[in-house]
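Novice: Let me begin by handing over the structure; questions about it come next.
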Amino acid sequence: MHRLIAALGAGPVDVFGSSGGAINGLALVAGHPEQVRTLVAHEPPTTQVLPDREPALAACVAIRETYQREGFGPAMAKFIALVSYPGPIPPGFADQPGPNPAEFGLPTEDDGSRDDPLVGLNMPSTPGYQPDFGALRAAPTRIVIGVGADSAEMLGGRAGIAVAERLGPAPVTFPGGHDGFLGGEYGGMGKPDAFAAKLREVLAG
């Protein structure tokens, strides 16, 4: 992101990122604050700010191990179970069998590929990211943490609230849940029109 903004000569820019994209946005502001005017970080799922970080991170490791052992469908089913769990992740959650992938329309057969960026490359490094709160608080960037109205009790929402508490300003509630901006893509249906209206309102200050 830093190299792209620099190559385009486009900074400072406004950035919206959700989930792992929100974590990337926080990392960008911490390292290159001069490039970002406003960051809207929607539900950054950094487990490091949560009291249940150990079982949550263990579950992320188990997702990657499931992917390497069984393929995309079973790993993604375990991922969905983790991110949609209401409340703190209990000890031993990582060792529980995951849901049937078919329940989510996911493949049950292993196609042999191991190049999925979400359950392969980004587990557990993205949810294991530790924000540099000192750098974020010192940055001139306006940082807005967003939390879904329907997902505040789930991992991404809880982490977003905890990040906002460390930075100072209260989080902004966005319509829908963790997928509030989706309009049917990838099987998720949020509230994209209401979400976009809220985002425009936030960016307008």
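The values are calculated or read from the model by the stated rules, or taken from the named source; none is laboratory data. For clarity, every value in this text was computed on a predicted model and none was experimentally measured. Heads up, the Cβs are rebuilt from the backbone with ideal geometry, glycines too, and the neighbour counts pull from every protein chain shown. For accessibility, only protein heavy atoms count, side chains too; no ligands or nucleic acids. Shrake-Rupley method; radii C 1.70, N 1.55, O 1.52, S 1.80 Å.
Novice: Calculate the tail of P(r) for the range 83-188: the fraction of all Cα-Cα distances greater than 24 Å, expressed in %.
Specialist: For the range 83-188, the fraction of Cα-Cα distances above 24 Å is 39 percent.
Novice: Let me ask you something else. Mind telling me which of Glu103, Glu70, Glu153 comes out most flexible in a GNM of the chain, alpha-carbon contacts under 10 Å?
Specialist: The residue with the greatest mean-square fluctuation here is Glu103.
Novice: Next question, about the same structure. Considering the Cα trace of the range 83-125, what is its radius of gyration and what is Dmax, both in angstroms?
Specialist: 12.8, 34
Novice: Tell me what the chain gives for mean residue ellipticity at 222 nm when only DSSP H runs of n ≥ 4 count, each as -39,500 (n - 2.57), the sum divided by the residue total, rounded to 500 deg cm²/dmol.
Specialist: -12000 deg cm²/dmol
Novice: Any idea of the accessible area per residue across the chain, 1.4 Å probe, to the nearest Å²?
Specialist: Here the residues of the chain average 49 Å² of exposed surface.
Novice: May I ask you to work out the translational diffusion coefficient for the range 95-157 at 4 °C, viscosity 1.567 mPa s, via Stokes-Einstein with Rh from the Kirkwood sum over Cα pairs, reported in whole µm²/s?
Specialist: 82 µm²/s
Novice: Moving on to the next point. Looking only at the range 38-67, which residues have a backbone nitrogen under 11 Å from a spot 7 Å from the Cα of Ala6 in the C-beta direction?
Specialist: Label zone hits: none.
Novice: Now for a separate question. Which of the chymotrypsin sites (Phe, Trp or Tyr not before Pro) across the range 90-180 are loop residues per DSSP, with 13 or fewer other Cβ within 10 Å?
Specialist: Here no loop site has a sparse enough neighbourhood.
Novice: In terms of the ratio Rg/(2.2 N^0.38 Å) built on C-alpha atoms, what value belongs to the range 1-134?
Specialist: That ratio works out to 1.18.
Novice: Let me ask something additional. Quick one: how many Å² of Asp150 are accessible to a 1.4 Å probe, rounded to 10?
Specialist: Spelled out: Asp150, probe radius 1.4 Å, area about 100 Å².
Novice: Can you give me the % of accessible surface on the range 1-107 that is carbon or sulfur? Probe 1.4 Å, all protein chains present, nothing else counted.
Specialist: 56 percent
Novice: Ignoring ligands and nucleic acids, what accessible area does Asp111 show with a 1.4 Å probe (Å², nearest 10)?
Specialist: Accessible surface of Asp111 is approximately 120 Å².
Novice: Stretch Glu153-Leu118 to full length: gain in nm at 0.36 nm per residue minus the Cα-Cα span?
Specialist: 10.4 nm
Novice: Of all DSSP beta bridges located in the chain, what percent are antiparallel, nearest 5?
Specialist: Of those bridges, close to 5 percent are antiparallel.
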